[in-house]
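**Q** One structure, pasted below without further comment.
The values are calculated or read from the model by the stated rules, or taken from the named source; none is laboratory data. None of the values given here were measured: they were computed from a predicted structure. Neighbour counts run over all protein chains shown; Cβ positions are idealised from the backbone, glycine included. Accessible surface areas use protein heavy atoms only, side chains included; no ligands, DNA or RNA. Shrake-Rupley method; radii C 1.70, N 1.55, O 1.52, S 1.80 Å.
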Amino acid sequence: MSFPWANEYTPTHPFMQWLDAKLPLPRFVYNAVGAGYPVPRNLNYFWNFGVLAGFCLVIQIVTGVILAMHYAANSDIAFASVEHIMRDVNWGWMMRYAHANGASAFFVVVYIHIFRGFFYGSYKAPREMIWLLGVVIFLLMMATAFMGYVLPWGQMSFWGAQVITGLFSAIPIVGNALHTWLLGGFAPDNAALNRFFSLHFLLPFVIVGLVILHIWALHIPGSSNPTGVEVKSESDTVPFHPYYTAKDGFGLGVFLVLYCALVFFFPNYLGHPDNYIPANPMQTPAHIVPEWYFWPFYAILRAFTQNFLFIPAKLMGVLAMFSAILMWFFLPWLDRSPVRSARYRPMYKWFLWVLVVDVVVLGYCGGSPAEEPFVMISQIAAIYYFLHFLVILPIVSSLERPEPLPFSITESVLGRDEQAALGVPA
Amino acid sequence: MFRKQPVFVRNLTPKEIAAAYAVPLSSLRDPQTLAERTKPGHENWLITMGVCTHLGCVPLGAAEGEPRGEFGGYFCPCHGSQYDTAARIRKGPAPKNLEVPDYKFTTPTSVTIG
Ligand code: HEM
Ligand code: FES
């Protein structure tokens, strides 16, 4: 689980010795995030985002459990109960704003975390399992956030539920029956609201379980690092505590400043005013869009306006939207370059930045009305998105000539190895 | 309202009826004539669900002054599906015409849906 030079946990206090013999929980913590876990010495701030994501999950669970004490999952009073939280419950407004904006902050953090994986090739062997678990976590996060957004039972909640569950009606033959079964009715109503609440409460704890597996899988090879060169000797690593507890602590401080600025000064900036109108099954808001974190995928959904061969446009859009994320599952095998870090990959680096721009463009179109020119731009951007994974990536990984890699992490930090061996670890 | 979903009832003008018949069936994604979508003798009464067959929004065009799209029927603002004066899908991502629920005329001036 770790490198042979890891510090060994040696409790001195008799109580800790007793505890260690009965239930070695402190030992577990020491080896996971303490001085007993050696970590590459050259991690940059991109490596903060895993811990930040975990922190966001804790914020969501704590604020969510408190909201659930005051929220009523009944379509007649759900909207009123959220207003009750906002106006009558002590600090209720803060819990709700912290939770709603916490979801956005969570996605910002996770998108940066995923980008780190793309840039530094963290998805490559021996870390495929960490990556695959991460993609599953991301899918569950999307499901959780979607169902949470339905709970306040405003106009956006209702029509979001209608449109997103409508995706399932695209499935041939069983689609409509499945749609009715999922909703527990022909349209979103009390039955749907109740099951969404139940699942919205459950899924975060499933995510906690997967996060534990994610970190377990991480601790087998240990963290990668910005060079992508594996750890070779003790001089390549420093103990997690105090080095990375301090670095992560600093990052957490910066995160909290930005997050609090959002919660306390712009709490509705990312929301939609329409969601302060109670759900009305008779009228769709003029401009319905999902939350910003779904926009790129929503743009892909809407990019299909013509039937394609035998496949109706509606099914095509739904398939494309889901495949956009399914692509990620195959990433470790689509990118065959043995070099992990984009630092040493002159071609891949540029294509990756183009992909980032492409996703931002998709996001912009996804948040705009379904009109020209946005439809056409989404179509081009969606095609490029899939080209990147299915064509560009495999070709680039065989054509590209990577730049020379440093011999070791130590060499990349301190210069040539002989000198490094003389110096004390920085 | 039927099954907690809106129903559109529209009294078509002779011009709209003519426009619906002028479209060649082969050009339709979900080919149906206006006659198949209304009751004999009540061809001017177009009764459909107000639920877009794409992902279920309520299209615009049932009320005075709302946009009716390029084909003069209904326009769904969610992802841009456009329906014609027989509420048939003409453009955009929706696969089917607006659904015609089961209904019958109980008197010349009233219908029962379901
Ligand atoms: C993965 C973690 C989670 C995410 C991404 C998430 C996301 C969301 C979102 C986006 C909303 C809508 C907020 C709004 O527009 O007002 C929401 C509402 C809600 N969530 Fe969560 N949530 C998470 C965890 C939890 C947990 C663990 C609970 C409780 C056990 C919970 C309980 C609630 C309740 C009661 C509401 C409705 C009240 C409201 O609208 O403010 N959530 N959630
Ligand atoms: S729901 Fe009408 S176009 Fe998508």
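**Q** Tell me whether the stretch B:53-64 contains one or more residues that are of a type in the set (A, V, I, L, M), in a loop (DSSP other than H, G, I, E, B), away from ligand 1 (no atom under 16 Å from the Cβ) and under 14 Å from residue B:81 (Cβ atoms).
**A** Yes, the stretch B:53-64 has at least one match.
**Q** Please go through the stretch A:61-84 and give me each residue that is assigned to a helix (DSSP H, G or I) and under 20 Å from residue A:161 (Cβ atoms), ordered by number.
**A** A:64, A:67, A:68, A:78, A:79, A:80, A:81, A:82, A:83 - these are the residues of the stretch A:61-84 that are assigned to a helix (DSSP H, G or I) and under 20 Å from residue A:161 (Cβ atoms).
**Q** Quick one: how many residues across the stretch A:335-378 are among the small types (Gly, Ala, Ser) and either away from chain B (no Cβ under 14 Å) or assigned to a helix (DSSP H, G or I) (or both)? Working first, answer last.
**A** So the first thing to find is which residues in the stretch A:335-378 are among the small types (Gly, Ala, Ser), and the list is A:337, A:341-342, A:363, A:366-368, A:370, A:378.
Cutting the leftovers down to either away from chain B (no Cβ under 14 Å) or assigned to a helix (DSSP H, G or I) (or both) gives us A:337, A:341-342, A:363, A:366, A:378.
Result for the stretch A:335-378: 6.
**Q** Separate question: With the requirement that a residue be among the basic types (Lys, Arg) and outside any helix (DSSP H, G or I), what does the stretch B:1-37 give you?
**A** Initially, the stretch B:1-37 is screened for residues among the basic types (Lys, Arg), giving B:3-4, B:10, B:15, B:29, B:37.
Once the filter is applied, which keeps residues that are among the basic types (Lys, Arg) and outside any helix (DSSP H, G or I), the stretch B:1-37 yields B:3, B:4, B:10, B:29.
**Q** Residues to consider are A:174, A:150, A:211, A:206; find the one that is among the β-branched types (Val, Ile, Thr), away from ligand 2 (no atom under 16 Å from the Cβ) and farther than 30 Å from residue A:317 by Cβ.
**A** A:211
**Q** Do any residues in the stretch B:66-83 that are facing chain A (nearest Cβ under 8 Å) have Cβ atoms under 9 Å from those of residues that are within 16 Å of ligand 1 (Cβ to nearest atom) and among the hydroxyl-bearing types (Ser, Thr, Tyr), where the two are at least six apart or on different chains, and which pairs are they?
**A** Listed pairs, sorted by first residue: none to list.
**Q** Pairs, please: C-beta under 7 Å, at least 6 apart or cross-chain, first residue under 16 Å from residue A:369 (Cβ atoms) and in the stretch A:273-302, second surrounded by fewer than 20 Cβ atoms within 10 Å (Cβ to Cβ) and among the charged types (D, E, K, R)?
**A** A:285/A:274
**Q** Got a number for residues in the stretch B:1-22 being within 14 Å of chain A (Cβ to nearest Cβ) and among the polar types (S, T, N, Q)?
**A** Here is the first cut: in the stretch B:1-22, the residues within 14 Å of chain A (Cβ to nearest Cβ) are B:1-9.
Right, trim to among the polar types (S, T, N, Q) and you get B:5.
Total satisfying the criteria: 1.
**Q** Okay, next question. Just need a number here: residues in the stretch A:350-381 that are over 21 Å from residue A:290 (Cβ atoms) and touching a residue at least 24 places away in the same chain (Cβ under 8 Å).
**A** 4
**Q** Residues A:89, A:109, A:62: which one is at pLDDT 95 or above, closer than 17 Å to residue A:203 by Cα and more than 16 Å from ligand 2 (Cβ to nearest atom)?
**A** A:62
**Q** From (1) among the aliphatic types (A, V, I, L, M); (2) open to solvent by 50 Å² or more (accessible area, probe 1.4 Å); (3) within 14 Å of chain B (Cβ to nearest Cβ), pick out the condition that doesn't hold for residue A:318.
**A** Of the numbered conditions (1) among the aliphatic types (A, V, I, L, M); (2) open to solvent by 50 Å² or more (accessible area, probe 1.4 Å); (3) within 14 Å of chain B (Cβ to nearest Cβ), the odd one out for residue A:318 is (2).
**Q** For the stretch A:90-108, enumerate the residues that are more than 11 Å from ligand 1 (Cβ to nearest atom) and either buried (at least 22 other Cβ atoms within 10 Å of the Cβ) or assigned to a loop (DSSP other than H, G, I, E, B) (or both).
**A** Matches in the stretch A:90-108: A:90, A:91.
**Q** Which of the numbered conditions does residue A:269 fail, given that it passes all the others? Conditions: (1) assigned to a loop (DSSP other than H, G, I, E, B); (2) more than 22 Å from residue A:367 (Cα to Cα); (3) among the hydroxyl-bearing types (Ser, Thr, Tyr).
**A** Of (1) assigned to a loop (DSSP other than H, G, I, E, B); (2) more than 22 Å from residue A:367 (Cα to Cα); (3) among the hydroxyl-bearing types (Ser, Thr, Tyr), only one is false for residue A:269: (2).
**Q** Given B:101, B:40, which one is part of a loop (DSSP other than H, G, I, E, B), free of Cβ contacts under 8 Å to residues at least 24 places away in the same chain and surrounded by fewer than 23 Cβ atoms within 10 Å (Cβ to Cβ)? Walk me through it before giving the result.
**A** On the way: B:101 fails: free of Cβ contacts under 8 Å to residues at least 24 places away in the same chain.
The conditions single out B:40.
**Q** In the stretch B:61-79, which residues are open to solvent by 10 Å² or more (accessible area, probe 1.4 Å) and near ligand 2 (Cβ under 10 Å from one of its atoms)? Working first, answer last.
**A** Looking only at the stretch B:61-79, we keep the residues that are open to solvent by 10 Å² or more (accessible area, probe 1.4 Å), and these are B:62-72, B:75, B:77, B:79.
Matches in the stretch B:61-79: B:75, B:77, B:79.
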